[in-house]
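Trainee: Starting off with a structure, shown below.
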Amino acid sequence: MTTNKGIKIYLKDLNEEFSFSKKLHKKYISFNRVAFIFFFLLAISSIFSVKIFYYGSISEKVFSQKPNNQKKNIRSDIIDANGNILAKTVFTKNVGINPNLENDKKKLILKLKLLFPELDIENFNNKFDEKKFFYIKKKLSPEKYDKVLLLGEKSVITEQKITRVYPHENLFSHVLGQIDDDNNGISGLEKSLDEDLKKLNKKVELTLNTNIQFLIRSELINFEKIFKSKGSAALLMNINSGEILSLVSLPDYNINKREKIADIKFINRITKGVYELGSIFKTFTIAGALNERIININTKFENLPKSINCAGRKISEYDLEIPSTLTAEQILIRSGNIGSVRIAQKMGIEKTKNFLDSLNLLSPIEFDLEEIGKPLPVKWGKCKLATVSFGHGVSTTPLQIATAYAIISNGGFKIKPTLIKQEKNVETKRILNEDVSINVNSILRKIVSTKEGTANLANIEGYSIGGKTGTAQKIENGVYTKKKINSFVSIFPSHKPKYVLLVLLDEPKINSEYIYNYRDGSGIKYKGTPFNTAGWTTVEVAGKIIEKIGPILATKYDDFY
C-alpha cells in the first residue's frame, strides 16, 4: 500500500538499516587501525630489543675483556694511616692525532684551538709534520671527551688507558715516586713495592699522616722564602716504633706529570742526601762514653784550651767565651768542640767506631725506599777521631741521624725506620744501657730550656722539647766552603719521648727583617738573624712546625719534666 504513512515507515526502516551498517563499518575500520599500529609497534620493539641485547652483549664483552687484558698493569691503591688515598689506578680517556688521516690541517687546528685554548700551535705543527701519531691531551674529563667525539674528525683518535693518579700531587712525591708509561715503578715506593702493588690483594697502608705532612711542608716552603735556602727537608718519626709520620724534601715535583727528574736539586735529602751535619754528632760522642761507663754527666774536664792542633790543622771553639772547665753535661749543652774531642779521646778509636756502627751511622741503612745514600768511608786515626767527635769529617744521611737519636732517646732499643704500616708489633732489642737515655734526654732538654743552650727558640710553652743543633760547612770538590748545612734534631716530650723531628736547611741565608718571637712565655722579640747558624734557622723552623703539629699529636702538657 502506497500511502504516506507506509512510505514513512519504509524510509524509517531504511534509515535505521543504513545507520546500522554505517556504524558497523566505522567499528571495523577502527579495529583494523588499532591492530595495525599494535603489530607495527610490536615489530619495532622487537627489533630494538634484539639490537639492545646485541650491543649490550658486545659492550659487556668489550669492557670486560679490556680490563682483563690490562689487569697486570693495575696497581693497588696506596693509602695513609687515616685511610686517605695517596695513589690510585684509574681508567682515563686520552686524545691524539694521526696526521695521515687528515686532509685539512687548518680546519682541524681551528676546531682543536676552540676546544683546547692552551694548545701550542707551533708544537702541534711540528709534530703534525712528522706524520706520526701524537697525543694532544691526556686524562680528559667526561665532558671534554664528549666534545672531542662531536668534532667528527677521522684524524682525532681517542683511547681508554690505565693511569696512576696522585690526588696530593707534590705532597708525597719523594715518598711515592713515579711509574713509567707501562705502569712499572721507577722510583720511590712505586718502585720498591712494584711487585706487591701489582698483586692487587689489598691496599697498601703507609704510616704517613697527610695532615701533618701538609703542615710541615707548608712551614718548610715558608722558611725557604725567609732564609733563601737552596733546599730543605724534615722527618717526623715515632721514637719507639720507627714509624714515619712525615717525610718532606724540597724542592719536590708533581708526580702526576710523569716528568723526567734529572736535576740533583730534586734529590730526596732525607734518605739520599749524604751530609756532614756538625755538632749533632756531639750527642753520639757523649752517649757512647756514658754507655761505656767511661764518664758520667758530672765528669769534669778542666783547663780546656780554646784551640788545639792536629796534624798541622787547627781545631777551635766556635764560641770563644765558653768556660775552660766544663762537665760532660755542660760540654753538650754549650756545644763545646774541644770538650767533645777530650771525651772521644777517652773512648778511643775502636769503641767510638763500634758505637757509631751500633747506631748504623757509618754504612747504608735498610729502608723501604731504594733511594738510599751511602755514607763516605772514614779513614780512622787520631785526628779523625778528634774531628768525628764534633761532627766534622764524617757524613751520613738525615734518616740515619734521626734513627740514631730515636735509639738513644727511647731507652736504647734498636728500631727500624719504616713507611709501611706493620700488621704486628715488631720486637725490639735493647742495644744501649737504659740510663743513657735518661741522662741524654735530660741534657737535650737543657739545650732548649736554658740560656746556655743553643736551641732556646724551640722552647715552646706547654711542650717539653729537647734537641741538638748542628751547623756544618759544605764540601765542594773536596774543599770546605762558606756554604752551610744547618740542622736541628728534636725529641718531645723529653721525659718520655714519643717523637723525633729532624729539620734541615741547605745553604740558608740570614734575614735582617725577620722577627723572632721567643715561645717560652717571656714575650721577648728579636729582629734580624744575627748568625747563620742552626740555632737561628732550623731551630726556628722546628719550633713553628711543633706549634702546628703538636695539637694533632696531642703532646701539649704531656710532660712536666
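Trainee: Only one residue in I286, I338, I343, I270 is without any contact (Cβ under 8 Å) to a residue 40 or more places away in the chain and crowded, with 20+ Cβ neighbours inside 10 Å. Which one?
Mentor: Working: I286 fails: without any contact (Cβ under 8 Å) to a residue 40 or more places away in the chain; I343 fails: without any contact (Cβ under 8 Å) to a residue 40 or more places away in the chain; I270 fails: without any contact (Cβ under 8 Å) to a residue 40 or more places away in the chain.
Residue meeting the stated conditions: I338.
Trainee: For the range 236-250, what are the residues that are among the small types (G, A, S), assigned to a strand (DSSP E or B) and more than 20 Å from D263 (Cβ to Cβ)?
Mentor: We begin by selecting, within the range 236-250, every residue among the small types (G, A, S); these are 241-242, 246, 249.
Checking the rest, the ones that are also assigned to a strand (DSSP E or B) come to 246, 249.
Correct list: S246 only.
Trainee: Of K484, K474, K548, K556, which residue is in a helix (DSSP H, G or I) and under 27 Å from the mean Cα position of the chain (by Cα)? Please lay out each step first, then the result.
Mentor: On the way: K484 fails: in a helix (DSSP H, G or I); K474 fails: in a helix (DSSP H, G or I); K556 fails: in a helix (DSSP H, G or I).
Result of the check over K484, K474, K548, K556: K548.
Trainee: Which of (1) more than 19 Å from N486 (Cβ to Cβ); (2) among the charged types (D, E, K, R); (3) surrounded by fewer than 19 Cβ atoms within 10 Å (Cβ to Cβ); (4) in contact (Cβ under 8 Å) with a residue 12 or more places away in the chain does D252 not meet, given it meets every other one?
Mentor: D252 satisfies every listed condition except (3).
Trainee: Within the range 158-207, how many residues are touching a Lys or Arg at 6+ places or on another chain (Cβ under 6 Å) and either of a type in the set (D, E) or on the phi > 0 side of the Ramachandran plot (or both)?
Mentor: Summing the residues that are touching a Lys or Arg at 6+ places or on another chain (Cβ under 6 Å) and either of a type in the set (D, E) or on the phi > 0 side of the Ramachandran plot (or both) in the range 158-207 gives 2.
Trainee: Of everything in the range 408-428 that's charged (D, E, K, R) and more than 17 Å from N354 (Cα to Cα), which residue is nearest to the chain's Cα centre (by Cα)?
Mentor: Filtering the range 408-428 for residues charged (D, E, K, R) gives 414, 416, 421, 423-424, 427.
Filter once more, so that each one left must be more than 17 Å from N354 (Cα to Cα): 416, 421, 423-424, 427.
Details: K416: 19, K421: 15, E423: 22, K424: 24, E427: 27 Å.
This residue is K421.
Trainee: Another question, if that's okay. Is there any pair linking a residue in the range 120-142 that is touching a residue at least 40 places away in the same chain (Cβ under 8 Å) to one that is of a type in the set (D, E, K, R), with Cβ under 6 Å and at least six apart or on different chains, and which?
Mentor: The qualifying pairs are L140/K93.
Rundown of residues vs (1) of a type in the set (A, V, I, L, M); (2) touching a helix residue (DSSP H, G or I) at 6+ places or on another chain (Cβ under 7 Å), yes/no style:
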{"position": "E427", "(1), (2)": "no, no"}
{"position": "I447", "(1), (2)": "yes, yes"}
{"position": "N459", "(1), (2)": "no, yes"}
{"position": "V479", "(1), (2)": "yes, no"}
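Trainee: Can I ask one more? What are the residue pairs meeting all of these: first residue in the range 470-482, first residue closer than 16 Å to K282 by Cα and in contact (Cβ under 8 Å) with a residue 24 or more places away in the chain, second residue surrounded by 16 or more Cβ atoms within 10 Å (Cβ to Cβ) and aliphatic (A, V, I, L, M), Cβ atoms under 6 Å, and 6 or more apart or on different chains?
Mentor: Filtered contacts from the range 470-482: G470/L277; G470/I280; G470/A534; T471/A534; A472/L277; A472/I485.
Trainee: Keeping to the range 219-235, report how many residues are outside any helix (DSSP H, G or I) and not basic (K, R). Before the answer, list the steps.
Mentor: Quick first cut of the range 219-235, residues outside any helix (DSSP H, G or I) only: 228-235.
Now drop any that are not not basic (K, R), which leaves 229, 231-235.
Here the count works out to 6.
Trainee: Scan (1) crowded, with 21+ Cβ neighbours inside 10 Å; (2) among the small types (G, A, S); (3) part of a helix (DSSP H, G or I) for the single condition S442 breaks and write down its number.
Mentor: The failed condition is (1).
Trainee: Out of the helices (runs of 4 or more DSSP H) lying entirely within the range 310-411, which hold 2 or more residues that are over 30 Å from L176 (Cα atoms), at pLDDT below 95 and among the polar types (S, T, N, Q)? Outline the logic, then answer.
Mentor: Working: elements: 328-333, 337-347, 349-358, 382-388, 398-409.
Correct list: empty, since no element meets the threshold.
Trainee: Return the only residue of S229, S307, S324 being crowded, with 16+ Cβ neighbours inside 10 Å, among the hydroxyl-bearing types (S, T, Y), in contact with a Lys or Arg (Cβ under 9 Å, 6 or more places away or on another chain) and in contact (Cβ under 8 Å) with a residue 12 or more places away in the chain.
Mentor: On the way: S307 fails: crowded, with 16+ Cβ neighbours inside 10 Å; S324 fails: crowded, with 16+ Cβ neighbours inside 10 Å.
Unique residue meeting the criteria: S229.
Trainee: Is it the case, given these coordinates, that G278 is crowded, with 21+ Cβ neighbours inside 10 Å and either hydrophobic (A, V, I, L, M, F, W, C) or in contact with a strand residue (DSSP E or B) (Cβ under 7 Å, 6 or more places away or on another chain) (or both)? Even if it seems obvious, please write down each step before you answer.
Mentor: Numbers: crowded, with 21+ Cβ neighbours inside 10 Å: yes; either hydrophobic (A, V, I, L, M, F, W, C) or in contact with a strand residue (DSSP E or B) (Cβ under 7 Å, 6 or more places away or on another chain) (or both): yes.
So G278 fits the description; yes.
Trainee: Here's a check for you: in the range 385-429, which residue that is basic (K, R) and in contact (Cβ under 8 Å) with a residue 24 or more places away in the chain is farthest from S340 (Cα to Cα)?
Mentor: Our first condition is that a residue be basic (K, R); within the range 385-429, this holds for 414, 416, 421, 424, 429.
Filter once more, so that each one left must be in contact (Cβ under 8 Å) with a residue 24 or more places away in the chain: 416, 421.
Working: K416: 28, K421: 39 Å.
Top of the filtered list is K421.
Trainee: Where residues in the range 396-427 are more than 15 Å from L235 (Cβ to Cβ) and of a type in the set (K, R), which of them is surrounded by the most Cβ atoms within 10 Å (Cβ to Cβ)?
Mentor: Applying the filter and picking the extreme gives K414.
The values are calculated or read from the model by the stated rules, or taken from the named source; none is laboratory data. A quick note: this is a predicted structure, and the numbers were derived from the prediction, not measured. So basically every Cβ, Gly included, is an ideal-geometry build from the backbone, and we count neighbours across all protein chains shown.
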